[in-house]
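Down below is the structure, laid out as structure tokens.
The values are calculated or read from the model by the stated rules, or taken from the named source; none is laboratory data. What you see is a predicted model, and the numbers here were worked out from it, not measured in a lab. With ideal geometry, Cβ positions are generated from the backbone for all residues, glycine too; neighbour counts draw on all protein chains shown.
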Amino acid sequence: MTQTPHAIDRPLPDGLHPDTLALRVGLAPSQYGEHSDAVYLTSTFVQPDAATSARRFAMEEEGYTYSRTSNPSVTAFERRLASLEGAEAAIGTASGMAAILLMGMGLLKSGDHVICSNSMFGSTIKLFGSEFGKFGVETSFVSQTDVAEWRAAMRPNTKLLFAETPTNPLTEVCDIRALADLAHGAGALLAVDNCFASPALQKPISLGADLVIHSGTKYLDGQGRVMAGAICGSHQLIDGVFAPLIRSAGMVLSPFNAWVVHKGLETLGVRMQAQSRNSLQIAGWLEQHPAVERVYYPGLPSHPQHALAMAQMGGQGAAVVSFVVKGATPEQERARAFHVIDSTRVCSIATNLGDVKTILCHSASTSHGRLSEAQRQTAGVVQGLIRLAVGLEYPGDIQNDLARGLDSAASIT
Ligand SMILES: *Cc1c(COP(=O)(O)O)cnc(C)c1O
């Protein structure tokens, strides 16, 4: 069969809406004119001649050489994610934690100081609190919501402020602009883990953040298929600092996983809107249930940072709802929470989020299981707490699924 060359490389016009960018930014199609992006499953790239190869390895000429340096499927994802975050550039990584590791390795050296919220993702706390300490980087952990605590923790050697908003599992919201101003006033950088809100709801760079971290494993993929991560930021940091480093350190995003999350971005906007809408309905319903002590959801007026969340997250609350099942003692709370979880027939019992299938878990014995009871109390992760990562099922079916255990919770003594 004759192949018609298909050099469709029409540059996109400026000023497109993010909904359009999510579908249209990427790579030009190959000579075959495929409409769905090709996936470039190759570790290496054939060079036309030795001199070209030498120039490409020396980064004097554009062109792919080896997939630890770059790969077209990864580039397509990076371009699309950067456009959605309003960043100059992005770099894909093997997982969300790989993105955080790459950021730390790229920005910090022995003697530097970092400030993180104490309600960051558990592995982030481990990485900064324990692992980076081995290399002489010190980290202070402060309140997620109290800017004064962040200010008080600043030192002359503070290089990085790292926040995550909303947090897991209590959906605490921090003020991105206030933290950016604090960081910049002291010559430090602000990085924001935008995993829970995604660029469909929240754009930290437009609020002053220097870097945005992603676990692509969550909402960017959206269907719980692959591990992926990314850092978004300026050309200077992405291409000048992180790209040369990943070439040596190697925690690169696989081309297949890049292709999956690249395709996932096409539906991110509608998923985040629909999952936020379902979450608000379920959260409101939970708040009325007599067996429920408390509901944590930024979209509810009862949330302590509701106004800030609405301003910062495009009027949406995102898709994680946490709630506490009532009980007279921690043991009873735990038994009743287990009963609610075990009585479901639709929700998945698992520890992930960002999927279109609703997932629930008991935080105190899973994501926060390695903490002491005292640390859990400080973090607000009580024994009755259940985290619900709301998907796209009909919300009434999820409510009925939860009602089965909640309605009979009082019988568990
Ligand atoms: C899951 C998660 C991470 C880590 O991402 P992985 O892809 O699992 O490595 C980082 N931050 C947040 C907020 C997360 O939820």
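Which one is nearest to V142 (Cα to Cα) among residues in the range 92-130 that are of a type in the set (V, I, T) and within 14 Å of the ligand (Cβ to nearest atom)?
Out of the qualifying residues, it is I125.
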- Has the range 260-268 got at least one residue that is closer than 30 Å to L107 by Cα and in a strand (DSSP E or B)? no
- What is the number of the single condition among (1) within 16 Å of the ligand (Cβ to nearest atom); (2) within 30 Å of S130 (Cα to Cα) that V74 does not meet? (2)
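For the range 145-160, which positions are more than 16 Å from the ligand (Cβ to nearest atom) and buried (at least 22 other Cβ atoms within 10 Å of the Cβ)?
So the first thing to find is which residues in the range 145-160 are more than 16 Å from the ligand (Cβ to nearest atom), and the list is 145-159.
Matches in the range 145-160: W150 only.
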- Note on the range 222-241: residues crowded, with 24+ Cβ neighbours inside 10 Å and either part of a helix (DSSP H, G or I) or touching a helix residue (DSSP H, G or I) at 6+ places or on another chain (Cβ under 7 Å) (or both) are G222, A228, G229, A230, I231, C232
- Item | Hits in the range 331-379 - residues which are under 18 Å from F141 (Cα atoms), more than 16 Å from the ligand (Cβ to nearest atom) and surrounded by fewer than 18 Cβ atoms within 10 Å (Cβ to Cβ) | L371, S372, A374, Q375, Q377, T378
- Query: Under the condition of being within 14 Å of I246 (Cβ to Cβ) and in contact with a Gly (Cβ under 6 Å, 6 or more places away or on another chain), which residue from the range 78-127 is surrounded by the fewest Cβ atoms within 10 Å (Cβ to Cβ)?
  - Reply: S95
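Each row is one residue, and each column tells you yes or no for (1) over 22 Å from the mean Cα position of the chain (by Cα); (2) part of a loop (DSSP other than H, G, I, E, B); (3) closer than 18 Å to G284 by Cα; (4) of a type in the set (S, T, Y).
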{"residue": "R345", "(1), (2), (3), (4)": "yes, yes, no, no"}
{"residue": "T351", "(1), (2), (3), (4)": "no, yes, no, yes"}
{"residue": "D355", "(1), (2), (3), (4)": "no, yes, no, no"}
{"residue": "G369", "(1), (2), (3), (4)": "no, yes, no, no"}
{"residue": "Q377", "(1), (2), (3), (4)": "yes, no, no, no"}
{"residue": "V382", "(1), (2), (3), (4)": "yes, yes, no, no"}
{"residue": "D401", "(1), (2), (3), (4)": "yes, no, yes, no"}
{"residue": "G405", "(1), (2), (3), (4)": "yes, no, yes, no"}
- Restricting attention to the range 248-258, does a residue exist that is free of Cβ contacts under 8 Å to residues at least 40 places away in the same chain, assigned to a loop (DSSP other than H, G, I, E, B) and outside the structural domain of P330 (by TED's automatic domain parsing)? no
- Taking R56 as the residue in question, decide whether it is of a type in the set (K, R), in a helix (DSSP H, G or I) and in contact (Cβ under 8 Å) with a residue 40 or more places away in the chain. no
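Does the range 178-195 include one or more residues that are of a type outside the set (A, V, I, L, M, F, W, C), within 11 Å of the ligand (Cβ to nearest atom) and assigned by TED's automatic domain parsing to the domain that holds K218? I'd like the intermediate steps shown before the answer.
Looking only at the range 178-195, we keep the residues that are of a type outside the set (A, V, I, L, M, F, W, C), and these are 181, 184-185, 187, 193-194.
Then drop every residue that is not within 11 Å of the ligand (Cβ to nearest atom), which leaves 193-194.
This time we only want the ones that are assigned by TED's automatic domain parsing to the domain that holds K218, so: 193-194.
Checking the range 178-195: at least one residue is of a type outside the set (A, V, I, L, M, F, W, C), within 11 Å of the ligand (Cβ to nearest atom) and assigned by TED's automatic domain parsing to the domain that holds K218.
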